[in-house]
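Since the structure comes first, as structure tokens, the remarks are kept for the end.
The values are calculated or read from the model by the stated rules, or taken from the named source; none is laboratory data. None of the values given here were measured: they were computed from a predicted structure. No Cβ is skipped: glycine too gets one built from the backbone with ideal geometry, and neighbour counts run over all protein chains shown. All accessible areas refer to the heavy atoms of the entire protein, side chains included, with ligands and DNA or RNA removed. Shrake-Rupley method; radii C 1.70, N 1.55, O 1.52, S 1.80 Å.
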Amino acid sequence: VDGLPRAFEGYRIVQLSDVHVGSLCPPEVGPGWVARASALGADLAALTGDYVTMGSRFHEVAAETLAKLEAKDGIVAVLGNHDQAGGGEPLRTAMRDGGIRVLANEHFTIARGDERIAIAGVDDVYTHRADVDRTVDGAPLPIVALAHDPMLFPRLAERGVAFTMSGHTHWGQVGVPLVSDRVNLAARFFKFSAGVYKVGASTLYVNPGLGTTGVPVRFGVPPEITLFTLQSA
């Protein structure tokens with residue numbers, strides 16, 4: 001991260017994405033993922049959307065499960081396209097009631113003494129709510145962003161965001177083992193399909209997610225809980 005304040009050297013963020021709680025991913029598996037993520041002792045937990053697969057039946061149980069994540073500076077989240085039934089309700093409210101900071105084209109800052117970084121979250125692309133300019137306007141540098149859909153990355157990079165975490169693609173759920181970040185079904189449909197990308201000084205990570213949609217299968221693309229450590233560029 002360019003310009004990372006010294007107080008944030010080694011700052012750790014754990015990312016969970018695309019949990020897709022539903023009939024194909026029963027709620028019973030969620031607590032195990034949450035426990036494993038919490039055990040990493042991260043400074044911040046970042047959730048990058050698609051907590052359910054469809055409808056609102058599992059909104060509240062997904063929110064209750066994810067609210068049990070443990071991180072020193074709490075939990076921040078954005079909603080994904082699959083979360084939008086009922087305008088994202090009751091999911092959004094249930095997450096906020098559980099102590100999760102849900103960002104919709106907003107940012108906030110985390111301070112360590114006199115130094116700080118900005119955490120920004122972009123709203124959903126598919127419901128035409130995403131507004132990158134509104135998200136980052138007035139945010140101090142450096143900025144770390146959550147954006148469910150990685151298609152937002154070029155614009156975020158233009159606006160000076162240092163690091164973006166996304167999900168959405170699942171890496172296609174099927175890929176060639178060991179090289180699935182480069183060879184996977186999602187690469188046919190998404191410019192930013194899997195893994196790490198760079199635009200200038202800005203970095204994107206596309207997470208493969210934990211759950212599945214469509215056919216409940218993963219081959220060569222294991223589910224992932226991702227831990228990032230920020231370092232000065």
- [ ] Test Thr109 against the criterion of being assigned to a strand (DSSP E or B), over 20 Å from Thr169 (Cα atoms) and of a type in the set (Ser, Thr, Tyr), and give yes or no.
- [x] yes
- [ ] Would you point out the residue of region 20-66, among those that are aliphatic (A, V, I, L, M), in a loop (DSSP other than H, G, I, E, B) and open to solvent by 10 Å² or more (accessible area, probe 1.4 Å), that is nearest to Gly80 (Cα to Cα)?
- [x] Met54
Task: Looking only at region 218-233, and only at residues there that are surrounded by 16 or more Cβ atoms within 10 Å (Cβ to Cβ) and under 18 Å from Ala201 (Cβ atoms), the one that is nearest to the chain's Cα centre (by Cα) - done: Phe228
TODO: Examine region 4-16 for a residue that is open to solvent by less than 60 Å² (accessible area, probe 1.4 Å), farther than 28 Å from Phe163 by Cα and touching a Gly at 6+ places or on another chain (Cβ under 8 Å), and state whether such a residue exists.
DONE: no
- [ ] Given the conditions (1) under 23 Å from Val144 (Cα atoms); (2) in contact (Cβ under 8 Å) with a residue 40 or more places away in the chain; (3) aliphatic (A, V, I, L, M); (4) open to solvent by less than 10 Å² (accessible area, probe 1.4 Å), report the number of the one that Ala71 does not fulfil.
- [x] (4)
Task: Residue count for region 161-179, restricted to those that are buried (at least 17 other Cβ atoms within 10 Å of the Cβ) and within 27 Å of Ala233 (Cα to Cα) - done: 7
TODO: Could you list, in sequence order, all residues of region 190-200 that are surrounded by 15 or more Cβ atoms within 10 Å (Cβ to Cβ) and more than 14 Å from the chain's Cα centre (by Cα)?
DONE: Phe190, Phe192, Ser193, Tyr197, Val199
